[in-house]
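The values are calculated or read from the model by the stated rules, or taken from the named source; none is laboratory data. As the structure is a computational prediction, the values presented were derived from the model and not from experiment. Glycine also receives a Cβ, built like all others from the backbone with ideal geometry; neighbour counts cover every protein chain displayed.
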Amino acid sequence: MDAVRTFVESQPLFALFLTIAVGYLIGEINVKGVALGSGAVLFVGLALGAFAPKSTPPALLGTLGLLMFLYGIGIQYGAQFFRGLTSREGMKANAAACLGVIASGLVACGLIHFGISLADALGMFAGSGTSTASLQVAIAAMKNNDAAVGYSVAYPFGVAGPILFIYALKLALKVDIRKPPAKVLETAEIALHNAAFFGVKVSDLLARLPAGVAIAAVRRAHHNQLVTDDFILRGDDVLLVTATDPRLLDEATALCGELQPGRIASHREDLDYMRVFASNPAVVGMPLRSLRYPEGVNCSVAHVRRGDIDLLSTPDLILEAGDRVGLLVNRAHQASVRAFFGDSIKSTADLSFICLGIGAAAGLLVGAIPLRFPGLGAFSLGLAALLLVALCLGKARRTGPFVWVMPLSANLVLRNLGLTIFLAQVGIACGPKFVSTVSTAGPLLLLYGVITLLVLVGVTAICCLWIFRLSFDTSVGVICGATGNPAILAFANRVAPTDQPDIMYAMIFPSMTIVKVLFVQIAIAIAAG
């Protein structure tokens, strides 16, 4: 064993990637729907660090990993974050989550009077909320890894506790939420027989149709043609109507005329359907209304497939790298259209390192600026500022030639790799102290971790359900965003199989990450003063 220990301590990068591999193997173990996921990397790191204390990789690796994670989160959720600050429902959700996070932090700090240190209290606060960003701030501000001990003790409850809480809440409230029909793009060819729409513009007809219905093309006089809002309809025109809900197509058919399938699809000499990848920087980050097709090319976007979701074509829809764009275009123009969009499958995993470098550098620069508050002294936001900058860039999407957004697949790889490296590095670094602390005060820290977590989820749920009167699926999403771990969101999607948990998580997680980071920073500043 001594030979193995000596080898591991002489190869810190080997120790890092061994921790990642074994951690993910253990994280895949599922016990009644509960799995640690990437969090298991931390515990493997603690064990390896205790076994080989000198195997710790450089601390800069951990900081770099967290930077990648926070930047990816900000870029992806920027639009949802700012929408949550302005919408009425979003403000209620943010307020509920904020009250829960602050109450949890105050309780954790209050436990100092029962014999634990500030580092342990803040570590438990970060662990119960599974906030690696808060842990990083505590480690950086206190210039030691002591907070990682409390974090690692509370983290299992931070993952499993909210899952059990959500399950118990569903049973107590007797909620039964059915999964809505899958949103898959449907088409219908409808002959226009309703005389009320003869001689009217397409825009006027769309105003009468159900929301979520679009008209992609019209067949008239044996020719398929694209339409604009000013296109004047005539009797017996055949409309190519699209929607993500078949019931909407039924309503459109009843209002306009009758179904005549095949009238458009069987004639492709004028218009044909094709799919291309959006990879050209000239179109990525641009709304559909701003696209300028090559001279002489008549083309229309029928729909956009992003990840596993079909999106209806609207003027405000902004293309992202890797989107699959469904087009109606004459076959003679297909080569020009393909070149216009780029149509490179590499775009699904490609990203601009220029934009990544500029965005990250700007965030670090803002984070280095000292902020002064009366009674608290001066402190900087650190990586929390990087998250704020990334959120702003994610909302802007592009600035001139700089496309800030990145394909979803590339974003997931960037932030998951970053989070994994951070957890592995921190776990190995604090392994020895973790063993010594848990052996002496472990049961007490476990109890305090449970208390801190129950305050977080309990206050958030009470505010959501009974104070702000939010729906159950929305409230579950807010709890997921306040606690933060994706494993909780995965369970919530099974309990409440609607879009709301995902939407609320995207809206709440970034803002609550900032609140947690600021709380830790302020608590340390007050203690130092």
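Confirm whether I345 is farther than 30 Å from V137 by Cβ and touching a Phe, Trp or Tyr at 6+ places or on another chain (Cβ under 8 Å).
In short, yes.
Regarding G357, is this residue in a helix (DSSP H, G or I), out of contact with any Asp or Glu (no Cβ under 9 Å at 6 or more places or on another chain) and without any contact (Cβ under 8 Å) to a residue 12 or more places away in the chain?
For G357, the condition - in a helix (DSSP H, G or I), out of contact with any Asp or Glu (no Cβ under 9 Å at 6 or more places or on another chain) and without any contact (Cβ under 8 Å) to a residue 12 or more places away in the chain - is met.
In the list G23, G84, G72, which residue meets the criterion of being crowded, with 16+ Cβ neighbours inside 10 Å and at pLDDT below 85?
Going through G23, G84, G72 in turn, the sole match is G84.
With the structure loaded, tell me whether G150 is over 28 Å from I29 (Cα atoms) and over 23 Å from the mean Cα position of the chain (by Cα) or whether it fails that test.
No.
Quick test for you: out of S203, S266, pick the one residue that is within 29 Å of Q334 (Cα to Cα), of a type in the set (S, T, N, Q), without any contact (Cβ under 8 Å) to a residue 60 or more places away in the chain and not in a loop (DSSP other than H, G, I, E, B).
Of S203, S266, the one residue that is within 29 Å of Q334 (Cα to Cα), of a type in the set (S, T, N, Q), without any contact (Cβ under 8 Å) to a residue 60 or more places away in the chain and not in a loop (DSSP other than H, G, I, E, B) is S203.
With the stretch 1-83 as the region, which helices (runs of 4 or more DSSP H) entirely inside it contain at least 2 residues that are touching a residue at least 60 places away in the same chain (Cβ under 8 Å)?
Once the helices (runs of 4 or more DSSP H) in the stretch 1-83 are filtered for at least 2 residues that are touching a residue at least 60 places away in the same chain (Cβ under 8 Å), what remains is 12-27, 39-51.
Looking at the stretch 240-265 only, could you name the residues that are surrounded by 19 or more Cβ atoms within 10 Å (Cβ to Cβ) and small (G, A, S)?
Hits for the stretch 240-265 are A243, A252, G257.
With Y293, Y273 as the choices, which residue is more than 30 Å from G400 (Cα to Cα) and of a type in the set (F, W, Y)?
Criteria check complete, one pass: Y273.
Taking the stretch 143-162 as the search range and keeping residues that are of a type outside the set (G, A, S) and modelled with pLDDT of 85 or more, which one is surrounded by the fewest Cβ atoms within 10 Å (Cβ to Cβ)?
P162
Going by what's in this entry, would S104 be described as under 27 Å from V515 (Cβ atoms), among the hydroxyl-bearing types (S, T, Y) and in contact (Cβ under 8 Å) with a residue 24 or more places away in the chain?
Here the answer is yes, as S104 does meet what is asked.
Output the qualifying pairs, or none if there are none: Cβ atoms under 7 angstrom, residues six or more apart or on different chains, first residue in the stretch 136-164 and farther than 15 Å from L60 by Cα, second residue in a helix (DSSP H, G or I) and of a type in the set (S, T, Y).
V149/T437; A154/S128; A154/T452; F157/S128; G158/S128; G158/T483; P162/T483
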